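Only one structure is covered here, and it is reproduced in the block below.
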Amino acid sequence: MAHAISQKSIYICPMEHIIPAKQLNWLYIFIALAIAVNFSGLFVTIMGPDAALYATIAKTMVLHHDYVNLVVNGHDWLDKPHFPFWIAALSFNLFGFTTWAYKLPGILFLLMGALYTYYFAKNLYNERIALWSVLILLTAQHILLSNNDVRAEPYLTGLIIAAVYHFYRANIRNNYWHLLAGCIFTACAIMTKGMFAIIPIGGAIVGQLVITREWKKLFNWKWLVAIILTLAFIIPELYCLYYQFDVHPEKVVFSHIGVSGIWFFFWDSQFGRFFNTGPIKGGGDPFFFLHTTLWAFLPWSLLFFVSVYRFIKTGIKNVRGQEWYCISAGLLTFLLFSASKFQLPHYMNIVFPFFAIITAQYLYNVQLSKSIKAIRITQIVVISVMITIICILEYFFYSELTTPVLVILFLLYVAMVMVPKIVSNNGIQRIIISTILVAFIVNVYLNMAFYPTLVKYQGGSEAARWIDQRDTKKYPVYQCDNDAWPMEFYLNRPLQMIDPDTVKSTPKGTFYLYANADVIKRIKAKGWPLLIVDTLQKYTITRLKGSFINKNTRQKQLTVMEIVLVNAPGIPVLNKLSIDPKSIHRPL
């Protein structure tokens, strides 16, 4: 009997009826809208430090036709593996060095993850749970944020759920094509983030087989083949690390020589961070990912916590009648990351597909009217809080809300009030639709009003655009600000670093210098012939504080930056440089 359940891979839930065509069409519409919202940040300026750094590394790859060495500011860089940089570099080769060309691959990988979430949930449960899982995943707050501020996580999220799905199929069908596909996706995940990527993948498969005591399947030789194939498929990464670092022990990395790239890849980059013994250290909090999930998985987080409790409570009564892939992948990763000494909020994104499936199956199985009422009240509170937060944020921040954005937000709000009643008479389905729509409202505002205004305070990218648009003579550009990557990515020429305090005499030749206003004053006092051509106001936009968000106290948090032309012939007047005095950029 247990074997039959395992082979069918359909787990206990009420009888699934065919989804009415009207409801199915609405679900497809909501998924299409969710995809559109995930794309709504596609053209928002890449934010530093991390996303701009990754974009700059990929740009350097393309410019130097070097896809082996990872280089930052002319120095060897040993931190992340190559895969996302290869994919971004491919996109740059196809579409040029643009914001959307950098973000597009990450979003597509995330959408691939949504597709595999659908396949996985449909195989485990049914189509309705599968569609709900996709919607929950695509409307989770940190998924939407990560598709704007693209780093490694969108790639990793798609690769991990894809690997788990194929290994699951290989497990129940003994299909070796699925085994091969699972190994390829696992290898790509490892080449994206390192060996810790195998935790949710291995956790899902091993957890399922251990909990259900399917020992013969657990110790099947095909898993040894999978390990060997995965190791073979990461050879490109190992070759690059060996060629860049192990062959050159004289290179200085992390202030040391003799650093092995392969050792760093297998140990220091992962276990070194976990135990805080590697060159990159942090400070761990065992409750960090608990409160992180509370906001990162909004608007579904409270329902998720309840669904985990209900899943475990009912599962222990009928272990073999319930799937354990999702809970094993999600909770094992959650617990190990919570024990780690190096923690960042976006780390949990990789298991959100499993969280989405757990939440969707719980909502599908809710039958008691008392439970439905409790869920409705909970989500009304969540929806109200989220709407209130963006209203307060807009009141204090005062973003550049355009008329089209206001119209979209108004229509979404009307839809949130009216559409659930039109689509279904079922209480749970109405709650789900309202929750989806509030996620749309919040993130349309963030991606189309808040962030487009916020990035104007990212001085480096603004300075690069100013120079690109106004300098026709292609003068060299120097910078002495420590946040160089946004400027380096958006600048249409090489960016060079300079420390004016260590330069004894005025450098020769005409060039632009982007620096803090206080630095400009010091070099002017040294006698450097210069002309201030633009003034900007800068803030580290990925570290928001209330004093910056509040427009009344923002000015005190801003750093004045200046673009100066050094050694301009005869220090000509402004109009001879073809610079419009009105172009001096001072954000509100």
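Structure data summary
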{"read-out": "Some residue of the stretch 58-66 being open to solvent by less than 10 Å² (accessible area, probe 1.4 Å) and under 15 Å from Glu488 (Cα atoms)", "value": "yes"}
{"read-out": "Residue tally, condition surrounded by fewer than 13 Cβ atoms within 10 Å (Cβ to Cβ) and not hydrophobic (A, V, I, L, M, F, W, C), over the stretch 25-44", "value": "2"}
{"read-out": "Options Asn69, Asn73; residue that is in contact with a Cys (Cβ under 8 Å, 6 or more places away or on another chain), open to solvent by 20 Å² or more (accessible area, probe 1.4 Å) and of a type outside the set (A, V, I, L, M)", "value": "Asn69"}
{"read-out": "Hey, Gly182 surrounded by 23 or more Cβ atoms within 10 Å (Cβ to Cβ) and over 16 Å from Gln270 (Cβ atoms) or not", "value": "yes"}
{"read-out": "Condition check for Tyr457: at pLDDT 85 or above, open to solvent by 10 Å² or more (accessible area, probe 1.4 Å) and of a type outside the set (Lys, Arg)", "value": "no"}
{"read-out": "Some residue of the stretch 153-161 being at negative phi and either open to solvent by 30 Å² or more (accessible area, probe 1.4 Å) or of a type in the set (D, E, K, R) (or both)", "value": "yes"}
{"read-out": "The lone exception for Glu462 - which of (1) touching a residue at least 40 places away in the same chain (Cβ under 8 Å); (2) among the charged types (D, E, K, R); (3) surrounded by fewer than 19 Cβ atoms within 10 Å (Cβ to Cβ); (4) touching a Leu at 6+ places or on another chain (Cβ under 9 Å) it fails", "value": "(3)"}
{"read-out": "Every residue from the stretch 472-492 that is exposed (fewer than 15 other Cβ atoms within 10 Å of the Cβ) and more than 24 Å from the chain's Cα centre (by Cα)", "value": "Thr472, Lys473, Lys474, Asn492"}
{"read-out": "Considering residues of the stretch 76-91 that are under 16 Å from the mean Cα position of the chain (by Cα) and among the aliphatic types (A, V, I, L, M) only, the residue surrounded by the fewest Cβ atoms within 10 Å (Cβ to Cβ)", "value": "Ile87"}
{"read-out": "Any hit, the stretch 446-462, residues being closer than 26 Å to Glu400 by Cα and in contact with a Phe, Trp or Tyr (Cβ under 6 Å, 6 or more places away or on another chain)", "value": "yes"}
{"read-out": "Conditions (1) within 21 Å of Leu303 (Cβ to Cβ); (2) of a type outside the set (A, V, I, L, M); (3) touching a residue at least 12 places away in the same chain (Cβ under 8 Å); number of the one not met by Glu400", "value": "(1)"}
{"read-out": "Qualifying residue in the stretch 97-108 (condition: closer than 21 Å to Arg169 by Cα, open to solvent by 10 Å² or more (accessible area, probe 1.4 Å) and either of a type in the set (Asp, Glu) or assigned to a helix (DSSP H, G or I) (or both))", "value": "no"}
{"read-out": "Criterion: open to solvent by 60 Å² or more (accessible area, probe 1.4 Å), more than 11 Å from Leu156 (Cα to Cα), at pLDDT 95 or above and not polar (S, T, N, Q) - qualifying residue of Ile227, Ile234", "value": "Ile227"}
{"read-out": "Qualifying positions in the stretch 212-222 - in contact (Cβ under 8 Å) with a residue 12 or more places away in the chain and assigned to a helix (DSSP H, G or I)", "value": "Lys217, Leu218, Lys222"}
{"read-out": "Selected residue [of a type in the set (Lys, Arg) and in contact with a strand residue (DSSP E or B) (Cβ under 6 Å, 6 or more places away or on another chain)] from Lys545, Lys538, Lys504, Lys551", "value": "Lys538"}
{"read-out": "Count of the stretch 164-179 residues which are surrounded by fewer than 20 Cβ atoms within 10 Å (Cβ to Cβ) and either within 16 Å of Ile235 (Cα to Cα) or of a type in the set (D, E, K, R) (or both)", "value": "1"}
{"read-out": "Helices (runs of 4 or more DSSP H) contained entirely in the stretch 135-211, each with at least 3 residues that are hydroxyl-bearing (Ser, Thr, Tyr), under 24 Å from Thr98 (Cα atoms) and touching a helix residue (DSSP H, G or I) at 6+ places or on another chain (Cβ under 8 Å)", "value": "none"}
{"read-out": "Of all residues making up the stretch 94-107, the number that are of a type in the set (A, V, I, L, M) and either free of Cβ contacts under 8 Å to residues at least 40 places away in the same chain or closer than 16 Å to Ala163 by Cβ (or both)", "value": "2"}
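The values are calculated or read from the model by the stated rules, or taken from the named source; none is laboratory data. Computed from a predicted structure; not experimentally measured. We place every Cβ from the backbone using ideal geometry, glycine too, and count neighbours over all the protein chains shown. To get the accessible areas, we keep the full protein, side chains included, count just its heavy atoms, and leave off ligands, DNA and RNA. Shrake-Rupley method; radii C 1.70, N 1.55, O 1.52, S 1.80 Å.
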